[in-house]
Ligand SMILES: [Zn+2]
């Protein structure tokens, strides 16, 4: 479904979700080049220039391919970016992606085109008539997690920040998939770009309390202070429930200006993790 010769593809990072689904993580649209944080002025046009997705020239603090409506960006611009994403994914006319209103909870909702549930995980059952073509999670430092069953009939997009990871959004999503008949050993999981444990500084008491609930997430920053590695917590939880196939990149949103980072930039956009049944 994807023409890899299309140079737009480099604005998307492909994830491994097994034989049943496609998964992608978006970038700011700087052609996914690794650039050290702070070394590039992302407000200057990059890449193809003429393409409003690839051009960083508009949007100010949100420059690049912002896909979030809740961060103060121009809604028309965001809707344009969402349409551009659907075009890049070769969705048929009338097919759409499902989104959610994320609130750092452990709430799992059914992915629907016609509604935007308040939740931090969307489960998509592609066997349901009128099901969306795919579902999305939005992040800027939190962990985007995509899940797919072997045949792709069940997929999920999960927003796992510190609170959601500690409150069990990952296990709640997998339990929901299990109730629909999926064996965790037969699940593919892809963990996308997030702030790393060497960059995410937290107060000492927060690290202590977090580690009591998820020992794998305690970390130390590169400057020697208490930190958290939320992705490590997510990976530990996936392993604990027996997810069979797990992949994770080594991106850090804070260090790599291809990505939006709330910690680095404050007012900024959000990148998306997208899962689509094949
Ligand atoms: Zn980092």
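Every number in this text was worked out from the coordinates using simple rules, so none of it is lab data. Not measured: the values here are computed from a predicted model. Cβ atoms come from the backbone with ideal geometry, glycine included; neighbour counts cover every protein chain shown.
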- Going by the structure shown, is residue 163 touching a residue at least 12 places away in the same chain (Cβ under 8 Å), surrounded by fewer than 17 Cβ atoms within 10 Å (Cβ to Cβ) and farther than 18 Å from residue 245 by Cα? yes
- Restricting to the stretch 210-242, what's the tally of residues that are more than 13 Å from the ligand (Cβ to nearest atom), surrounded by fewer than 17 Cβ atoms within 10 Å (Cβ to Cβ) and more than 29 Å from residue 177 (Cα to Cα)? 2
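Here's the yes/no breakdown for (1) in contact with a helix residue (DSSP H, G or I) (Cβ under 6 Å, 6 or more places away or on another chain); (2) over 23 Å from residue 136 (Cβ atoms):
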site: 188; (1), (2): yes, no
site: 209; (1), (2): no, yes
site: 221; (1), (2): no, yes
site: 228; (1), (2): yes, yes
- Task: Tell me, yes or no, whether the stretch 243-252 has at least one residue that is under 16 Å from residue 143 (Cβ atoms), within 13 Å of the ligand (Cβ to nearest atom) and buried (at least 17 other Cβ atoms within 10 Å of the Cβ).
- Result: yes
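Answer with yes or no whether residue 198 is within 12 Å of the ligand (Cβ to nearest atom), on the phi < 0 side of the Ramachandran plot and surrounded by fewer than 20 Cβ atoms within 10 Å (Cβ to Cβ). Break it down into steps so the answer makes sense when it comes.
Values: within 12 Å of the ligand (Cβ to nearest atom): yes; on the phi < 0 side of the Ramachandran plot: yes; surrounded by fewer than 20 Cβ atoms within 10 Å (Cβ to Cβ): yes.
Against the criterion (within 12 Å of the ligand (Cβ to nearest atom), on the phi < 0 side of the Ramachandran plot and surrounded by fewer than 20 Cβ atoms within 10 Å (Cβ to Cβ)), residue 198 qualifies.
Those residues that are outside any helix (DSSP H, G or I), over 12 Å from residue 146 (Cα atoms) and in contact with a strand residue (DSSP E or B) (Cβ under 7 Å, 6 or more places away or on another chain), I need them from the stretch 168-187; list them, please. Can you show your working first?
So the first thing to find is which residues in the stretch 168-187 are outside any helix (DSSP H, G or I), and the list is 168, 180-183, 187.
Subset that is over 12 Å from residue 146 (Cα atoms): 168, 180-183.
Result: 180, 182.
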- Output yes when any residue across the stretch 167-187 is crowded, with 21+ Cβ neighbours inside 10 Å and within 16 Å of the ligand (Cβ to nearest atom), and no when none is. no
